[in-house]
1. Does VAL56 qualify as being of a type in the set (Val, Ile, Thr) and within 12 Å of the chain's Cα centre (by Cα)?
2. Mind checking which residues of segment 103-117 are open to solvent by 20 Å² or more (accessible area, probe 1.4 Å) and under 20 Å from LYS65 (Cα atoms)?
3. Could we say that ARG45 is among the charged types (D, E, K, R) and in contact with a Lys or Arg (Cβ under 8 Å, 6 or more places away or on another chain) here?
4. If TYR95 meets every condition in (1) open to solvent by less than 50 Å² (accessible area, probe 1.4 Å); (2) under 18 Å from SER122 (Cα atoms) apart from one, which number is that one?
5. Being in contact with a Gly (Cβ under 6 Å, 6 or more places away or on another chain) and small (Gly, Ala, Ser) narrows it down to one residue among ALA50, ALA40, ALA75; which is it?
6. Could you please find all residues in segment 6-35 being assigned to a strand (DSSP E or B), closer than 17 Å to ASN74 by Cβ and either aromatic (Phe, Trp, Tyr) or in contact with a Pro (Cβ under 9 Å, 6 or more places away or on another chain) (or both)?
7. Please go through (1) at pLDDT 95 or above; (2) open to solvent by 50 Å² or more (accessible area, probe 1.4 Å) for PRO41 and return the number of the only condition it doesn't satisfy.
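The values are calculated or read from the model by the stated rules, or taken from the named source; none is laboratory data. Bear in mind the structure is a predicted one, so any value in this text is a computation, not a measurement. FYI the Cβ positions are ideal-geometry reconstructions off the backbone, even for glycines, and counts take in every protein chain you see. To get the accessible areas, we keep the full protein, side chains included, count just its heavy atoms, and leave off ligands, DNA and RNA. Shrake-Rupley method; radii C 1.70, N 1.55, O 1.52, S 1.80 Å.
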Amino acid sequence: QVQLVESGGGLVQAGGSLRIPCAASGRTFSDYAMGWFRQAPGKEREFVAAINRGGVGTNYADSVKGRFTISRDNAKNTVYLQMNSLKPEDTAVYYCTARSGLLAVRDEAYGSWGQGTQVTGSS
C-alpha cells in the first residue's frame, strides 16, 4: 500500500482560499489514481474530487465544482486540493486516498487513506 500524509489544514474565513497537499510514499505514485474525501461532524464521509494517474482526468462533487481544484505533481509524489471561495459548510476533516487503476468516486474503491487534516471555514 502507498502511505499518505495530508497537511496544511486550518481555519479560513468564508470566501477565503486554502491549498492542502498530500504526500505519498512507499509505492510508485504515478501508478495510483488519487482522491479527496471529507467528513463533517455527524455526517458520512463524502467524495470531494479525484484525479487519474496522469493528472489529466478529474472528477468533482457538485458541491465543490467550480471552487475546488485537484492536481498532482508526479515528480514530487504529491496531490493537492486547492479550495477557493470556502464556505462554512466546507468544514470537515479532509482525507487523501489512493487506488491503483482508474479514478473512482466511491470510498470503498480506495485502499489507502491518510490520517486526515481539519479544514474549518468560519462565517
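1. For VAL56, the condition - of a type in the set (Val, Ile, Thr) and within 12 Å of the chain's Cα centre (by Cα) - is not met.
2. The answer is LEU103, VAL105, ARG106, ASP107.
3. When the stated conditions are applied, ARG45 passes them.
4. All conditions are met except number (2).
5. ALA50
6. Applying the first criterion (assigned to a strand (DSSP E or B)) to segment 6-35 yields 6, 10-13, 18-25, 32-35.
From the residues that got through so far, the ones that are closer than 17 Å to ASN74 by Cβ too are 21-25, 32-35.
Answer for segment 6-35, where residues must be assigned to a strand (DSSP E or B), closer than 17 Å to ASN74 by Cβ and either aromatic (Phe, Trp, Tyr) or in contact with a Pro (Cβ under 9 Å, 6 or more places away or on another chain) (or both): just TYR32.
7. In the conditions (1) at pLDDT 95 or above; (2) open to solvent by 50 Å² or more (accessible area, probe 1.4 Å), PRO41 misses (1) alone.
Okay, residues lined up against (1) open to solvent by 20 Å² or more (accessible area, probe 1.4 Å); (2) without any contact (Cβ under 8 Å) to a residue 40 or more places away in the chain; (3) within 11 Å of the chain's Cα centre (by Cα); (4) over 23 Å from SER123 (Cβ atoms):
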position: THR28; (1), (2), (3), (4): yes, yes, no, yes
position: MET34; (1), (2), (3), (4): no, no, yes, yes
position: PHE37; (1), (2), (3), (4): no, no, yes, yes
position: ALA49; (1), (2), (3), (4): no, yes, yes, yes
position: ASN52; (1), (2), (3), (4): yes, no, no, yes
position: SER71; (1), (2), (3), (4): yes, yes, yes, yes
position: MET83; (1), (2), (3), (4): no, no, yes, no
position: LEU86; (1), (2), (3), (4): no, no, no, no
position: THR91; (1), (2), (3), (4): yes, no, no, no
